[in-house]
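Novice: The following block contains the structure, expressed as structure tokens.
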Amino acid sequence: MEYRDRLVSLARRVLRNRQDAEETVDECLGRLARPDLAARIENLRAWLHQSVLNLAIDRARAWTREQQRLRHRPEPSAHGARPADEVVRAESREAVWRELLELPRRQQEVLILHEMEEVGYDEIGKLLGIEAATARVHAHAGRLELRRRLAAWRDGKD
Amino acid sequence: MRCDEAMTEIQRSLDGESSSAETRRLDRHLSACESCRRESTALTELKGLLTEVGVTDRPESRSLAPGDDRGRLAYRWPWWWMPVGAAALVLLAFAPWPQRSHDDSTGDLDPPHGVDSGVEVSATDGRRGPPAVRVDAPDGDLRDAGAGEREAGIELTSASENWLAVALPSESPTLHVFWVYETRER
């Protein structure tokens with residue numbers, strides 16, 4: 001797998017759209033061509049992952065906020081043929097995505113890498129320049145916060 | 001086991017870091033504690049939802065046709081994708097780099113050619129090429145990429161598992177300048 005593909009895969013987890021993911025990755029890679037920036041990068045791998053994650057999260061959040069501003073909820077219930085539990089599941093999934101994008105940045109980064117990309121805490125620590133134990137703490141706190149937000153969303157929906 | 005210990009253990013279990021003895025202790029606690037059981041169920045569901053989010057494309061703003069099971073279709077590729085994709089990769093591997101268009105018609109430049117072996121890395125720190133990346137010109141000459149070329153802009157090109165090549169635009173159709181970054185961890 002080309003390294004770019006790996007980054008696109010990461011961005012796609014966040015943005016959930018291939019074209020957006022590719023554009024995001026290419027924008028980050030493009031920054032490498034600036035000599036002043038390139039000279040300051042200490043750890044290229046970490047820089048790439050963090051840049052891609054940050055830009056992807058920003059763009060995904062802008063997208064979800066815009067959808068909410070337009071009061072447009074991509075309602076799975078539009079699918080008349082879908083069983084009710086699948087509709088509920090899809091709604092929950094979209095809610096988890098929206099709420100994930102509102103968590104503190106470190107919690108987002110760790111949860112995306114750990115839960116979606118299945119990266120271990122040791123590796124996450126290296127990618128984010130933090131201790132593995134700290135990554136674990138962020139993941140655990142992020143799960144609890146996300147669980148709280150999901151519950152609040154469900155309460156508000158009923 | 002206390003409830004706060006159980007909460008930690010639930011998280012460790014979600015991380016796949018629980019030993020079988022710890023799992024048995026947690027199970028005993030959960031069978032007796034409804035509140036922790038609820039937390040465990042909710043966190044397990046959340047983990048599943050997070051995984052799903054990562055493998056489903058987002059719903060587009062347009063309304064979907066009835067019965068369009070888009071969320072689940074995100075990674076369902078047609079059956080011919082694998083053989084055709086593999087063939088395309090093989091073709092790409094042997095294809096020359098794309099040549100940039102140029103207006104020069106004086107004829108004194110070499111004809112366009114592939115430069116797939118045209119990069120030599122001589123990074124001083126063993127990690128990143130520029131500015132020490134050297135350019136393999138078609139006549140075999142090696143030279144450092146000039147500052148002007150670096151600032152002029154770039155074109156992204158291919159990369160291997162461990163190397164990422166960023167091509168700089170070049171007026172010459174025969175000279176391709178790359179910055180090569182090593183992406184492998186050291």
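Novice: Helix A:44-69: angle to the longest alpha-carbon principal axis of chain A, degrees 0 to 90, nearest 10?
Specialist: 30 degrees
Novice: Let me ask you something else. So how do A:Cys28, B:Cys3 line up by other beta-carbon neighbours within 10 Å, fewest first?
Specialist: Least to most surrounded, the residues fall as B:Cys3, A:Cys28.
Novice: Right, something else. Grab the DSSP H runs of chain A that are 4 residues or longer, score each as -39,500 (n - 2.57), total them, divide by all residues and round the 222 nm result to the nearest 500 deg cm²/dmol.
Specialist: That comes out to -24000 deg cm²/dmol.
Novice: Once both axes come from the Cα atoms, what is the angle between helix A:3-15 and the longest principal axis of chain A, in degrees from 0 to 90, rounded to 10?
Specialist: 30 degrees
Novice: Expressed as an acute angle from 0 to 90° and rounded to the nearest 10, what is the orientation of the C-alpha long axis of helix A:132-157 relative to the principal long axis of chain A?
Specialist: 20 degrees
Novice: Also: Can you sort A:Leu29, A:Leu48 from fewest to most other Cβ atoms within 10 Å of each residue's own Cβ?
Specialist: A:Leu29, A:Leu48
A short reminder: the numbers here are calculations on the coordinates, not readings from a lab. Given the structure is predicted, the values throughout are model-derived calculations rather than measurements. Virtual Cβ from ideal backbone geometry, glycine too; neighbours counted across all protein chains shown.
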